[in-house]
Each structure stands twice: as C-alpha cells, then as structure tokens.
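Engineer: The structure is given below, and queries will be raised subsequently.
The values are calculated or read from the model by the stated rules, or taken from the named source; none is laboratory data. Because the structure is predicted, anything quoted here is derived from the model rather than measured. For neighbour counting, all protein chains shown are included, and Cβ atoms are generated from backbone atoms with ideal geometry for every residue, glycine included. The area values use the complete protein model at the heavy-atom level, side chains included, leaving out ligands, DNA and RNA. Shrake-Rupley method; radii C 1.70, N 1.55, O 1.52, S 1.80 Å.
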Amino acid sequence: VIIKDVEAIKDSNPKAYEYLKPQEIHSIIVSPLVSNGTIIGFYGTDNPPQEFMNHISGMFMILGQFIVSIIRRRNLVRKLEQLSYYDQLTGARNRHYMNEFIANVDREQSIGIVYCDVTGLKRINDMHGHLEGDDLLIRAYRCLLDHFPKDSIFRIGGDEFLAMKSGVTEEDMHERVSKLKEDMPKYDIHL
C-alpha cells in the first residue's frame, strides 16, 4: 500500500485518514507479511522521502520474505523448546526441565520435595483404555497445580510426578502435602 499524500484519502477512506492524520503521517508505505498464502501482519514506514517511495516499496516486498522466514524460525524454536521442556500430555515440566531447575536452585535455601506415584494407572489403562489413563494423569497434574507453582511440578516418568519448592519451611511443606491429600478425592485420584 502506497499513500503518497494522506490528504488525498480524506474523502475516499475517512477511517484510514482519521487513524493516520493525528499521528502526523503525511505519506506511508505498508507491505503485507504473507505466510503460506495468508497475511499474518504488516510493516511499513511513515513519511518516507517522496522520490524514493517506489524503490522502498520494492525493497519492502523482498524484505517481507526475510521477516516471515525469521518469524517461522522463531516459532520453530519455540515449538522445539516446548517439546524439550514440557510433557505433551499434561503440560507439566519434564525431566529435562527438572534437571535445569535443580542446577539453578539456590543452595543456601531450604527445598521441599514431594514425590507422587499415580496409583492405579496400569489398572485403568488395562480396564478402560489409555484415554482414561491419560485423563487420570491430567487430573493428578491439576491437583498438584492447586498446591505448587506450575514451574516446580515435573512429570518424571509414566505415572510419576515430582513437586519442588525452594525457600519453603517444613511446616509450610507439611501443610501443602496435607491439603494435597485432602483434595485428591475431588480429582478422583490417589497419589
């Protein structure tokens, strides 16, 4: 989109004019970012030199492809991070993330650790199928979320979770575990 003079669109496109004029935009070049045939965004420049507008427009079309490529790469890195740090079923952090968490724990502070084994997972998988077993694991994670910060709960095995809390007192940890036990029937789980 090339608008050489914003005043020229005052009557033909009043909404665009009302948006651009208060920002002291007199001319503008805007180019779409296109990924797989879909417009995913726009970028541009305000008040470019009039004599270079056509050249800038051509450059923007080429530059847009590079920007889309960078966005795709960023999204891929995010996806790889998600796959390497999170359990895909429950959303809990995984063993790899747990190892990094432990490596960064402040050694001067206390740490409380709760190990949980989801009771009955094999029986439920055998009797009712893996979808029911998956649901049980998700419920167990949600129950743990009620009592521990999200970034401190890890699924470390098929039916095993670990919750860690640094800087916690023994009394606070006992209280968290006690409340966790009280809430298990609400989630129809046994840890």
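Engineer: Please state which of the following conditions H128 fails to meet, knowing it meets all the rest: (1) open to solvent by 60 Å² or more (accessible area, probe 1.4 Å); (2) in contact with a strand residue (DSSP E or B) (Cβ under 9 Å, 6 or more places away or on another chain); (3) not basic (K, R).
Structural biologist: Against the list (1) open to solvent by 60 Å² or more (accessible area, probe 1.4 Å); (2) in contact with a strand residue (DSSP E or B) (Cβ under 9 Å, 6 or more places away or on another chain); (3) not basic (K, R), H128 comes up short only on (2).
Each row is one residue, and each column tells you yes or no for (1) surrounded by fewer than 13 Cβ atoms within 10 Å (Cβ to Cβ); (2) within 18 Å of A8 (Cβ to Cβ); (3) more than 28 Å from the chain's Cα centre (by Cα).
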position: V34; (1), (2), (3): no, no, no
position: F42; (1), (2), (3): yes, no, no
position: F60; (1), (2), (3): no, no, yes
position: F66; (1), (2), (3): yes, no, no
position: I70; (1), (2), (3): yes, no, no
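Engineer: Right, here's the next one. Is it the case that K165 is of a type in the set (K, R) and open to solvent by 60 Å² or more (accessible area, probe 1.4 Å)?
Structural biologist: Considered against the rule, which asks whether it is of a type in the set (K, R) and open to solvent by 60 Å² or more (accessible area, probe 1.4 Å), K165 comes out as no.
Engineer: Considering Q82, Q88, which residue is closer than 28 Å to R142 by Cβ, modelled with pLDDT under 90 and of a type outside the set (S, T, Y)?
Structural biologist: Result of the check over Q82, Q88: Q82.
Engineer: Then there is this: Kindly indicate the residue of the stretch 8-23 that is surrounded by 12 or more Cβ atoms within 10 Å (Cβ to Cβ) and among the charged types (D, E, K, R) and also farthest from the chain's Cα centre (by Cα) among those meeting that condition. Outline the logic, then answer.
Structural biologist: The first filter runs over the stretch 8-23 and keeps only residues surrounded by 12 or more Cβ atoms within 10 Å (Cβ to Cβ), leaving 8-10, 13, 16-17, 19-21.
Subsequent filtering for residues that are among the charged types (D, E, K, R) retains 10, 21.
Details: K10: 41, K21: 36 Å.
Checked the stretch 8-23; the qualifying residue farthest from the chain's Cα centre (by Cα) is K10.
Engineer: Here is a follow-up. In the set H26, H55, which member is open to solvent by 70 Å² or more (accessible area, probe 1.4 Å) and either on the phi > 0 side of the Ramachandran plot or in contact with a helix residue (DSSP H, G or I) (Cβ under 8 Å, 6 or more places away or on another chain) (or both)?
Structural biologist: Residue meeting the stated conditions: H26.
Engineer: What helices (runs of 4 or more DSSP H), lying completely within the stretch 93-191, carry at least 2 residues that are over 21 Å from Q82 (Cβ atoms)?
Structural biologist: 121-128, 130-145, 170-187
Engineer: For D11, work out the one condition from (1) out of contact with any strand residue (DSSP E or B) (no Cβ under 7 Å at 6 or more places or on another chain); (2) assigned to a helix (DSSP H, G or I) it doesn't fulfil.
Structural biologist: Failing condition for D11: (2).
Engineer: Does T90 satisfy the condition of being under 30 Å from I3 (Cβ atoms), outside any helix (DSSP H, G or I) and of a type in the set (S, T, N, Q)?
Structural biologist: no
Engineer: Something else about it: Can you tell me which residue among D159, D183, D172, D134 is acidic (D, E), touching a residue at least 40 places away in the same chain (Cβ under 8 Å) and surrounded by 18 or more Cβ atoms within 10 Å (Cβ to Cβ)?
Structural biologist: Numbers: D183 fails: surrounded by 18 or more Cβ atoms within 10 Å (Cβ to Cβ); D172 fails: surrounded by 18 or more Cβ atoms within 10 Å (Cβ to Cβ); D134 fails: surrounded by 18 or more Cβ atoms within 10 Å (Cβ to Cβ).
None of the other options fit; the residue is D159.
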